Amino acid sequence: MWDYEFQPSKKNYIHDLNIVPVLDMLVAVIFFLLLSTSFIGYTKLQVPPSSISAMTESPPIPPLNPQLMIFEKDNQYVIQLSWKGTDPAAQISRIAIADFETQHKVMVLRIKSMMENFAKKFPQEKTIQIGLETMVPFQVLVDAMDAVREKTPDVVLISYEGLALEAL
Amino acid sequence: MFLRKPARKYLISLNLTALIDVTALIIIFLIMGSIFGESSIVIPNPLQIPKSENKELVEAAPQIILLQKEVQVSFVNQKIPLANFEDSEKLKSLKQMVQAYIRDMPERSKKSGALLNVIADKKKPYKELFDVIRFFREAGFQSILFVAQGE
């Protein structure tokens, strides 16, 4: 009690926040984020789930079954978009095989233009089958899927085995 | 001259406010620019995955990596030679393991079907890719997601 009463008044100090450890921590966090971050955005291309639908009666109009097939022939990629239905037809386009960077954009643009023509004729069709010849690289498949997705979002991959039979 | 007051000595202090502001901005930028959900996707060094115009982000799902001569099935800790996928009879034990894995997957993960991320080099021939996909489809994966690098 006495001590308290006669204790000299304490000087009022302004207590500064010690930010040195905060800065240390922030620098460590920045280095951690810089080292651990991947700035590449990975995307996905989905092959939708498979399903079986049974039909009791044969359809009055034969189905379109559009197929996009890509073959490798004479140092070129031959792109064939064919369909059946009442008026079966096919579009064919050729692209010279080049390095992936150059070819990637050309391939997407070419298939997109083919798909636009197809969509004008058959705007209701939302499914397409894609098949590639055995040695055609994965990048070409991704290009094809990129190009068809806008008009026909449902993609079905078809085997290279069946494809060889329908080759040009 | 002698009566002049001596100049007061000020302690020079660094103004850290601006520094802290900038640091905070950098941290926010890094956090927003990071893709933490994709930390499970690890692309092995020699692999160059294809480029895609697609903007959909990858989903958390079990993954397989098609290497030069083998397929790395990480969710069952197996490495299978690529040649074995030509004949699914050689892969009966793997098929059983994959089926058991899918069966044990939580229902929440199977809500939109059992998904499988496929990582392969952009030069991988379609034949090898298709053989592998066909096996995993038959084993029970309903949706195949090709992982590509966004442009």
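For the stretch B:51-82, state which trypsin sites (Lys or Arg not before Pro) are in a DSSP loop and have at most 10 other beta carbons lying within 10 Å of their beta carbon.
Working: sites: B:Lys51, B:Lys55, B:Lys69, B:Lys79; in loops: B:Lys55, B:Lys69.
Hits after loop and neighbour filter: B:Lys55, B:Lys69.
Using Cα-Cα distances under 8 Å and only pairs 6 or more residues apart, what relative contact order does the stretch A:60-154 have, in percent? Spell out each step's value before the answer.
Details: 140 pairs, mean separation 28.6, N = 95.
Once normalised by length, the contact order is 30 percent.
Rolling a 1.4 Å sphere over the protein heavy atoms, what is the accessible area per residue of the stretch A:67-165, to the nearest Å²?
Details: 4560 Å² over 99 residues.
Accessible surface, normalised per residue, equals 46 Å².
What does the charge dipole of chain B about its Cα centre add up to, to the nearest 20 debye, if the Cβ of each Lys and Arg holds +1 and the Cβ of each Asp and Glu holds -1? Before the final figure, lay out each step's value.
Values: 21 positive and 16 negative charges, 185 e Å.
For chain B, the charge dipole is close to 900 debye.
Quote the FRET efficiency, to the nearest 0.05, computed for B:Lys110 versus B:Ala18 with a Förster distance R0 of 51 Å and r equal to the Cβ-Cβ distance. Working shown, then result.
Working: r = 52 Å, r/R0 = 1.02.
Step by step, r from the Cβ atoms, then E = 0.50.
Could you sort the residues of the stretch A:129-157 by number and keep only those whose accessible area is reduced by 40 Å² or more in the all-protein-chain setting relative to the chain alone, 1.4 Å probe?
Hits at the 40 Å² cut-off: A:Thr134, A:Phe138, A:Gln139, A:Asp146, A:Arg149, A:Leu157.
Are there any residues in the stretch B:136-151 with a reduction of at least 20 Å² in accessible surface when going from the isolated chain to the assembly of protein chains? Probe 1.4 Å, please list them by number.
Listed in order, they are B:Arg137, B:Gln142, B:Ser143, B:Ile144, B:Leu145, B:Phe146, B:Ala148, B:Gln149, B:Gly150, B:Glu151.
Taking square-rooted eigenvalues a ≥ b ≥ c of the alpha carbon gyration tensor, is the stretch A:67-165 rounded, prolate or oblate, where a/c under 1.5 means rounded and, failing that, a/b exceeding b/c means prolate? Write out the running numbers ahead of the final one.
Working: a/c = 1.67, a/b = 1.36, b/c = 1.23.
Judged from the Cα gyration tensor, the stretch A:67-165 comes out prolate (a/c at least 1.5, a/b above b/c).
What does the C-alpha gyration tensor say about the overall shape of the stretch B:74-151? Classify as rounded when a/c is under 1.5, otherwise prolate if a/b is larger than b/c, or oblate.
Values: a/c = 2.01, a/b = 1.10, b/c = 1.83.
Oblate, since a/c reaches 1.5 and b/c is not below a/b.
Calculate the dipole size of the stretch A:67-165 relative to its Cα centre from +1 charges on Lys and Arg beta carbons and -1 charges on Asp and Glu beta carbons; express the result in debye to the nearest 20.
Values: 11 positive and 13 negative charges, 77 e Å.
Around 380 debye, computed over the stretch A:67-165.
As I understand it, the value is the acute angle between the Cα axis of helix B:92-104 and the longest principal axis of the Cα atoms of chain B; what does it come to in degrees, rounded to 10?
50 degrees
Is chain B best put as rounded, prolate or oblate by its Cα gyration tensor, with a ≥ b ≥ c the root eigenvalues, rounded for a/c under 1.5, and otherwise prolate when a/b is larger than b/c, oblate when not?
Working: a/c = 4.03, a/b = 3.27, b/c = 1.23.
Judged from the Cα gyration tensor, chain B comes out prolate (a/c at least 1.5, a/b above b/c).
So which of A:Lys120/B:Lys110; A:Lys151/B:Lys51; B:Lys92/B:Lys123; A:Lys84/B:Lys127; A:Lys73/B:Lys110; A:Lys84/B:Lys111 end up more than 32 Å apart by C-alpha?
On the way: A:Lys120/B:Lys110 37 Å; A:Lys151/B:Lys51 20 Å; B:Lys92/B:Lys123 28 Å; A:Lys84/B:Lys127 25 Å; A:Lys73/B:Lys110 42 Å; A:Lys84/B:Lys111 35 Å.
Flagged as over cut-off: A:Lys120/B:Lys110; A:Lys73/B:Lys110; A:Lys84/B:Lys111.
If R0 is 51 Å, what FRET efficiency do you get for B:Arg103 and A:Asn18 from their C-beta distance, rounded to 0.05? Each step should come with its number before you reach the end.
Details: r = 56 Å, r/R0 = 1.10.
So, using R0 = 51 Å, E works out to roughly 0.35.
On the accessible surface of the stretch A:67-165, probed at 1.4 Å, how many percent belong to carbon and sulfur atoms? Intermediate results must be reported in sequence, preceding the final value.
Details: 2380 of 4560 Å².
Ligands and nucleic acids excluded, carbon and sulfur give 52 percent.
How big is the A/B interface in buried accessible area, both sides summed, 1.4 Å probe, to the nearest 100 Å²? The partial results should precede the final answer.
On the way: alone 12970 and 11770 Å², together 20410 Å².
Chain pair A/B: roughly 4300 Å² of buried accessible area.
Accessible area per residue for the stretch B:38-150 in Å², computed with a 1.4 Å probe and the full protein assembly in place, what is it? Can you show the working numbers first?
Numbers: 5610 Å² over 113 residues.
With all protein chains present, the stretch B:38-150 gives 50 Å² per residue.
Report, by chain and number, residues whose modeled amide H sits under 5 Å from the one on A:Thr43, excluding near sequence neighbours (fewer than 5 apart, same chain).
B:Ala148, B:Gln149, B:Gly150
Using only Cα atoms, tell me the angle between helix B:17-33 and the longest principal axis of chain B; keep it within 0 to 90° and round to the nearest 10.
Value to nearest ten degrees: 10.
So what's the net charge close to A:Phe122: Lys and Arg +1, Asp and Glu -1, counting the other residues with Cβ under 13 Å from its Cβ? If you can, show how the numbers build up before the last one.
On the way: positive: A:Lys84, A:Lys120, A:Lys121, A:Lys126, A:Lys151; negative: A:Asp87, A:Glu116, A:Glu125.
Taking every Cβ under 13 Å from that of A:Phe122, the sum is +2.
Using a probe of 1.4 angstrom, how much of the accessible area of the stretch B:38-150 is carbon and sulfur, in percent?
Working: 2600 of 5610 Å².
For the stretch B:38-150, the apolar C and S fraction of the accessible surface comes to 46 percent.
The values are calculated or read from the model by the stated rules, or taken from the named source; none is laboratory data. Since the model is a prediction, treat every value here as computed from it, not as a measurement. Virtual Cβ from ideal backbone geometry, glycine too; neighbours counted across all protein chains shown. Keep in mind that these areas ignore ligands, DNA and RNA; they rest on the heavy atoms of the full protein, side chains included. Shrake-Rupley method; radii C 1.70, N 1.55, O 1.52, S 1.80 Å.
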